[in-house]
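The structure under discussion appears below in the form of structure tokens.
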Amino acid sequence: MASVAARYDDLKKLDVEVLSCSVDSHFTHKMWQEHELSKMVEGGVPFPMLADTGGKIGTLYGVYDEAGGVNVRGRFLIDPDGVIQAMEVLTPPVGRNFAELVRQVQAFQHVRKTGEPTPAGWQPGKKTLKPGPDLVGKVWENWKIGD
Amino acid sequence: MSVMVGQKAPDFEANAFHNGGFKKVKLSDYKDRWVVVCFYPGDFTFV
């Protein structure tokens, strides 16, 4: 969570709110913030830290591990209509890549605004595709790997 | 998985710690906003 907190401004600029969620109580979140997170990131975690006691929310989203009694690392990007546009689920030992989250937000926001699909590895300013009959079989002429 | 991309995100409500205080947070409070929900195993773990 500290890594997300450290780059929270990048998400703020994109008008994205973050909600973090574990089975710990809100009281434990307070302790974690005061005793550790605030020492890792200036000001600590700036977004709401949710108490998913019993894993009810995790169960709804399919990320609650009953055997371990915890939520695994699930990340869900939800658009302004409340629709899930992206999700990623990792087992606990591997942390997430924040840069990829930002890239996905930028790409989904671009698609929402323009309707243009974004090719693999797309970054803002890079080429998009204009789907239509003329593009069938011609992607190779219009887009190269690395574009 | 009980959820799917392209489908509505299930609403939920939870107690939360935020800005030094406690409050209730509902996903539907964030309607018309982009939201990232990040699940993780637990506070005070290492990754």
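Sub-6 Å Cβ pairs linking a first residue in segment B:4-15 that is at the interface with another protein chain (Cβ under 7 Å from one of its Cβ atoms) to a second residue that is assigned to a strand (DSSP E or B) and surrounded by fewer than 12 Cβ atoms within 10 Å (Cβ to Cβ), at least 6 apart or interchain, number zero.
Among the residues of segment A:37-52, those that are facing chain B (nearest Cβ under 7 Å) and either part of a strand (DSSP E or B) or at pLDDT below 90 (or both) comprise A:M49, A:L50, A:A51. Taking A:G137 as the residue in question, decide whether it is over 12 Å from the mean Cα position of the chain (by Cα), in a loop (DSSP other than H, G, I, E, B), at positive phi and surrounded by fewer than 17 Cβ atoms within 10 Å (Cβ to Cβ). So A:G137 fits the description; yes. Taking the numbered list (1) under 16 Å from A:D15 (Cα atoms); (2) out of contact with any Pro (no Cβ under 7 Å at 6 or more places or on another chain); (3) not hydrophobic (A, V, I, L, M, F, W, C) in turn, A:Q106 passes all entries but (2). Taken together, the residues in chain B that are surrounded by 12 or more Cβ atoms within 10 Å (Cβ to Cβ), under 18 Å from A:R112 (Cβ atoms) and not charged (D, E, K, R) amount to 6. Residue count for segment A:9-36 under the criterion of being assigned to a helix (DSSP H, G or I), buried (at least 18 other Cβ atoms within 10 Å of the Cβ) and within 14 Å of the chain's Cα centre (by Cα): the result is 1. Restricting attention to segment B:19-30, the residues that are under 13 Å from the mean Cα position of the chain (by Cα) and at the interface with chain A (Cβ under 7 Å from one of its Cβ atoms) total 2. Taken as a whole, the condition of being free of Cβ contacts under 8 Å to residues at least 24 places away in the same chain and closer than 29 Å to B:R33 by Cβ does not apply to A:T91. Would you confirm whether any residue within segment A:60-79 is acidic (D, E) and within 7 Å of chain B (Cβ to nearest Cβ)? Looking through segment A:60-79, at least one residue is acidic (D, E) and within 7 Å of chain B (Cβ to nearest Cβ). Would you mention how many residues in segment A:2-35 are farther than 16 Å from A:L77 by Cα and touching a strand residue (DSSP E or B) at 6+ places or on another chain (Cβ under 7 Å)? Within segment A:2-35, residues that are farther than 16 Å from A:L77 by Cα and touching a strand residue (DSSP E or B) at 6+ places or on another chain (Cβ under 7 Å) number 8.
Against the test of being within 14 Å of the chain's Cα centre (by Cα) and of a type in the set (S, T, N, Q), the options A:Q106, A:Q123 yield a single qualifying residue, A:Q106.
A:V94: among the β-branched types (V, I, T), in a loop (DSSP other than H, G, I, E, B) and farther than 21 Å from A:D10 by Cβ, yes or no? Taking the combined requirement at face value, the residue satisfies it.
For A:K56, the stated conditions do not hold, so it cannot be described as part of a helix (DSSP H, G or I) and either surrounded by 15 or more Cβ atoms within 10 Å (Cβ to Cβ) or small (G, A, S) (or both).
The values are calculated or read from the model by the stated rules, or taken from the named source; none is laboratory data. For clarity, every value in this text was computed on a predicted model and none was experimentally measured. For neighbour counting, all protein chains shown are included, and Cβ atoms are generated from backbone atoms with ideal geometry for every residue, glycine included.
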